[in-house]
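Trainee: Below is one structure. I have some questions about it.
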Amino acid sequence: MKLYNSAISPSAQRVRIFLAEKGISVDTVTLDLMKNEARTPDYLKINSLGAVPALVLDDGMVVTESVAICRYLDQLHPEPPLFGTDGASSALVEMWIRRIELEVMRPLADIAQNTIPFFADRITQMPDYAEVQRETARQKFRWLNDEIDGRPYLTGETFTMADILGMTAYAVSRFVEAEPEEDLANLQGWIARVTQRPSFQA
């Protein structure tokens, strides 16, 4: 297998955190997105969207999208379980993965895409919309604070893939200056727990 990675991609960071939590290694090729290395003809044959991460299996099959890659690797390395251990816990992990992606990460991504020069030749940027989404992101963090309600992790007592998505969303929020407010005790407690994990430095 070969994993195509990037130092600055939040999606690639998800996979790096997952690998670190699992204690496994994969042959890796790191692309420089600032030099458009994910948009070369050779790489576009691997992922026509010109995005990372991408996992090329030994038989040539390509798996893209961070959660899909992690699900595949989880089948090969089931311990520790990061996608749940039974139907109920797996459903909770899936629910929180979707909630983080749709409710929290989406406005943060909108801010990034509409303000960072890197995206200027990829989309029509609307800085005013980014400011609207900045407030939306903070509202979503307040919602998340209420939802956590004192739990150690998003689904309960166990660290899961949902927390990995939350970790990278938090990292993006800091980058786009839309981080959660300091008085959100439940959320700040969760942030302290997850960012202290060695995998967060992966």
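Trainee: Can you tell me which residue within the range 130-162, out of those that are among the hydroxyl-bearing types (S, T, Y) and either modelled with pLDDT under 95 or open to solvent by less than 60 Å² (accessible area, probe 1.4 Å) (or both), is farthest from the chain's Cα centre (by Cα)?
Mentor: The selected residue is T136.
Trainee: List the number of the failed condition for F159; all other conditions in (1) in contact with a strand residue (DSSP E or B) (Cβ under 9 Å, 6 or more places away or on another chain); (2) assigned to a helix (DSSP H, G or I) hold.
Mentor: Only one criterion is unmet by F159, namely (2).
Trainee: Looking only at the range 162-187, how many residues end up being part of a helix (DSSP H, G or I) and either among the hydrophobic types (A, V, I, L, M, F, W, C) or in contact with a strand residue (DSSP E or B) (Cβ under 8 Å, 6 or more places away or on another chain) (or both)?
Mentor: Residues flagged as part of a helix (DSSP H, G or I) and either among the hydrophobic types (A, V, I, L, M, F, W, C) or in contact with a strand residue (DSSP E or B) (Cβ under 8 Å, 6 or more places away or on another chain) (or both) within the range 162-187 amount to 11.
Trainee: Give just the number: which of (1) more than 22 Å from R71 (Cα to Cα); (2) not in a helix (DSSP H, G or I) does W190 not satisfy?
Mentor: W190 satisfies every listed condition except (2).
Trainee: Of the residues that sit in the range 175-187 and are surrounded by fewer than 16 Cβ atoms within 10 Å (Cβ to Cβ) and touching a residue at least 24 places away in the same chain (Cβ under 8 Å), which one is farthest from G84 (Cα to Cα)?
Mentor: It comes out as E177.
Trainee: Would a scan of the range 78-90 turn up a residue that is under 30 Å from P127 (Cα atoms) and exposed (fewer than 15 other Cβ atoms within 10 Å of the Cβ)?
Mentor: No, the range 78-90 contains no residue that is under 30 Å from P127 (Cα atoms) and exposed (fewer than 15 other Cβ atoms within 10 Å of the Cβ).
Trainee: Here is a further query. Of all residues being open to solvent by 60 Å² or more (accessible area, probe 1.4 Å) and under 19 Å from the mean Cα position of the chain (by Cα) in the range 106-128, which is farthest from S11 (Cα to Cα)? Just the residue, please.
Mentor: Ranking the candidates gives Q113 first.
Trainee: Find all pairs meeting these conditions: Cβ atoms under 6 angstrom apart; at least six residues apart or on different chains; first residue within the range 12-34 and closer than 24 Å to L44 by Cα and touching a residue at least 40 places away in the same chain (Cβ under 8 Å); second residue open to solvent by less than 40 Å² (accessible area, probe 1.4 Å) and assigned to a loop (DSSP other than H, G, I, E, B).
Mentor: Matching pairs, first to second residue: A12/S6; A12/V52; A12/P53; V15/P53; L33/S6.
Trainee: For the range 165-174, state whether one or more residues are more than 24 Å from L19 (Cα to Cα) and surrounded by fewer than 18 Cβ atoms within 10 Å (Cβ to Cβ).
Mentor: no
Trainee: Among the candidates A51, A38, which residue alone is surrounded by 13 or more Cβ atoms within 10 Å (Cβ to Cβ), in a loop (DSSP other than H, G, I, E, B) and touching a residue at least 24 places away in the same chain (Cβ under 8 Å)?
Mentor: A51
Trainee: Scan V67, V63 and give me the residue that is in a strand (DSSP E or B) and surrounded by 15 or more Cβ atoms within 10 Å (Cβ to Cβ).
Mentor: The match here is V63.
The values are calculated or read from the model by the stated rules, or taken from the named source; none is laboratory data. Here the structure is a predicted model, which means the values were calculated and not measured. Neighbour counts are summed over all protein chains in view; Cβ atoms, including those assigned to glycine, are modelled from backbone coordinates with ideal geometry. Side chains are part of the model used for accessible areas, which takes the heavy atoms of the whole protein and leaves out ligands, DNA and RNA. Shrake-Rupley method; radii C 1.70, N 1.55, O 1.52, S 1.80 Å.
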